[in-house]
Amino acid sequence: MSPPRPLAPNRVVPAEASAPTPDPADRPVPAENPDPGASPDLGLGPDSAVSRELPLAPVNRRAGARRPPRHLADLSLADRRAAVADLGEPPFRAVQLSRHFFGRFTDAPAEMSDLPLASRDALAKAMMPPLLSAEREMSCDGGTTRKTLWRAFDGALVESVLMRYPERVTMCVSSQAGCGMACPFCATGQAGLTRNLSAAEIVAQVVAGARLLAAGEVPGGPGRVSNVVFMGMGEPLANYGAVVAAVRRLTEPVPEGMGISQRSVTVSTVGLVPAIARLAAEDLSVTLAVSLHAPDDALRDTLVPVNRRWQVAEVLDAAWNYAAVTGRRVSIEYALIRDVNDQAWRADLLGSLLAGRLAHVNLIPLNPTPGSKWTASRPAAQREFVRRLEAHGVPVTVRDTRGREIDGACGQLAASVAGPGPARHDAS
Ligand code: SAH
């Protein structure tokens, strides 16, 4: 069964520039960074060694930018109790609030009839401040694919998509406003990183979808969010602390969190090797997706610029370690780009790298934009690519193309609202 296609952006720009492979000795050391206002983890901020060496997209953070307001979804239940006590309320009110948010998907004081009228507003304001407001909504597939453009407290724009299938509902969420990884075929990558999202801003995207489903507002009757994929805007492992906190909130049972199965959560990465190792040690059973897109370093250096820091062999080693530690099959993401990475010999090389491993390949037909130089592979090339991978015994799926008519397509909607930023390249 094919997972949903990602919120694949659309703007395609020519790859250029190359940087020397850095000395492993000066690779950044990953650090816990639960602070969403801070520079991203892993030394990938504007002054980091990586950014000095790689043509990664610029960081657009304004000086003096404020952090997102604290929300109960940023906190463990113990910390929520302490925060409620600090407000002069009995700690068990934290459990009541948590049940409203994670179990009933509401932050409206009027709906919290188990809380005393006198303190409802103050508790909701302090523990569940509004984080995201819907700026624009689009739907297709008879209303079963719904994309929302969210505006955060500081004006930052992020996107999420709800995709309802007969047997599951997947929420595709953003982990950052923008992205610093600068992959040239990805619209989000071209605009640069604005900031990390907080754990609660990530969780809020899923809760919003759950609220719609519970209210029966998505065709198919009342339902639940069964799957979450971190395939919206941003590089999840460059916002490590907030992403792991969000995964815990999403997967812990009510009232700690939303109670989604860890196995139904997929974290997708460009291949930040130290962070993959760290995720493997978290004792989480989430699926790891690695956006490989090329089996050889020469091409991957141009398609996924961070490859100049962590090359194919090292990324795959980290993936196999993740599979060994977690027992989870790793998903290898491969956007098929006509005459760029879809040659038969690359299929064979990829097949030989993955043969016998706990992995499967998700081929994603490139989602091109008008004016882009690159486009999706010809059907015959795609079929041959699949055939050769299968000949190596590697399981392959080709993603469906849900949401294309609504720019399914993170970055595209945000770009159309915000207008092209100064960092946006032109595809022509
Ligand atoms: N930064 C993370 C997750 C966000 S993108 C990552 O790179 O994995 C989710 C997936 O969509 C990635 O595999 C990404 O490479 C892919 N993608 C981005 N732009 C695309 C496009 N124009 N067409 C098809 N897939 C695309």
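Against the conditions (1) away from the ligand (no atom under 13 Å from the Cβ); (2) under 21 Å from residue 391 (Cβ atoms); (3) not polar (S, T, N, Q), where does residue 336 fall short? Just the number, please.
Result: residue 336 fails condition (1) only.
Quick check on my filter: what residues within region 135-149 are touching a strand residue (DSSP E or B) at 6+ places or on another chain (Cβ under 9 Å) and of a type outside the set (S, T, N, Q)?
135, 136, 137, 138, 140, 141, 143, 146, 147, 149, listed by residue number.
Note down all Cβ pairs under 6 Å where the first residue falls in region 176-196 and is at negative phi, the second is assigned to a helix (DSSP H, G or I) and near the ligand (Cβ under 8 Å from one of its atoms), and they're at least six residues apart or on different chains.
179/188; 179/189; 181/189; 183/189
Any residue in region 289-299 that is farther than 30 Å from residue 77 by Cα, touching a residue at least 40 places away in the same chain (Cβ under 8 Å) and among the polar types (S, T, N, Q)? Reasoning before the result, please.
Restricting attention to region 289-299, the residues satisfying the condition of being farther than 30 Å from residue 77 by Cα are 290-299.
Restricting the remaining residues to those that are touching a residue at least 40 places away in the same chain (Cβ under 8 Å) gives 290-296, 299.
Then keep just the ones that are among the polar types (S, T, N, Q); that gives 291.
Taking every residue of region 289-299 in turn, at least one turns out to be farther than 30 Å from residue 77 by Cα, touching a residue at least 40 places away in the same chain (Cβ under 8 Å) and among the polar types (S, T, N, Q).
I'm trying to understand the selection: among the residues of region 68-99, which are in a helix (DSSP H, G or I), surrounded by 14 or more Cβ atoms within 10 Å (Cβ to Cβ) and not hydrophobic (A, V, I, L, M, F, W, C)?
74, 80, 81, 93, 96, 98, 99
Against the definition (at pLDDT 95 or above, buried (at least 17 other Cβ atoms within 10 Å of the Cβ) and under 20 Å from the mean Cα position of the chain (by Cα)), how does residue 106 come out, yes or no?
Spelling it out, it is not the case that residue 106 is at pLDDT 95 or above, buried (at least 17 other Cβ atoms within 10 Å of the Cβ) and under 20 Å from the mean Cα position of the chain (by Cα).
Given the criterion modelled with pLDDT of 65 or more, away from the ligand (no atom under 15 Å from the Cβ) and touching a Pro at 6+ places or on another chain (Cβ under 8 Å), identify the matching residue among 349, 358. Quick ask: steps written out before the conclusion?
Details: 358 fails: touching a Pro at 6+ places or on another chain (Cβ under 8 Å).
So the residue among 349, 358 that is modelled with pLDDT of 65 or more, away from the ligand (no atom under 15 Å from the Cβ) and touching a Pro at 6+ places or on another chain (Cβ under 8 Å) is 349.
Assuming residue 293 fulfils every condition listed in (1) outside any loop (DSSP other than H, G, I, E, B); (2) surrounded by 23 or more Cβ atoms within 10 Å (Cβ to Cβ) apart from one, which condition is it?
(1)
Which condition from (1) part of a helix (DSSP H, G or I); (2) surrounded by 23 or more Cβ atoms within 10 Å (Cβ to Cβ); (3) of a type outside the set (A, V, I, L, M, F, W, C) is the one that residue 321 breaks?
With respect to (1) part of a helix (DSSP H, G or I); (2) surrounded by 23 or more Cβ atoms within 10 Å (Cβ to Cβ); (3) of a type outside the set (A, V, I, L, M, F, W, C), residue 321 is out only on (2).
I'm told residue 381 meets every condition in (1) crowded, with 16+ Cβ neighbours inside 10 Å; (2) in contact with a helix residue (DSSP H, G or I) (Cβ under 9 Å, 6 or more places away or on another chain); (3) of a type outside the set (Lys, Arg); (4) under 17 Å from residue 332 (Cα atoms) except one. Can you identify the failing condition by its number?
(4)
Based on what the data block shows, is residue 163 out of contact with any strand residue (DSSP E or B) (no Cβ under 6 Å at 6 or more places or on another chain) and crowded, with 23+ Cβ neighbours inside 10 Å?
no
Can you tell me which condition residue 307 does not meet? The list is (1) free of Cβ contacts under 8 Å to residues at least 40 places away in the same chain; (2) away from the ligand (no atom under 16 Å from the Cβ); (3) more than 18 Å from the chain's Cα centre (by Cα), and all the others hold.
(2)
Kindly list the number of the only condition in (1) at positive phi; (2) surrounded by fewer than 17 Cβ atoms within 10 Å (Cβ to Cβ); (3) in contact with a helix residue (DSSP H, G or I) (Cβ under 8 Å, 6 or more places away or on another chain) that fails for residue 261.
That leaves (1) as the condition not met.
Taking residue 390 as meeting all but one of (1) part of a loop (DSSP other than H, G, I, E, B); (2) free of Cβ contacts under 8 Å to residues at least 24 places away in the same chain, write down the number of the exception.
(1)
The values are calculated or read from the model by the stated rules, or taken from the named source; none is laboratory data. All of these numbers come straight from a predicted model, not from anything done at the bench. Neighbour counts are summed over all protein chains in view; Cβ atoms, including those assigned to glycine, are modelled from backbone coordinates with ideal geometry.
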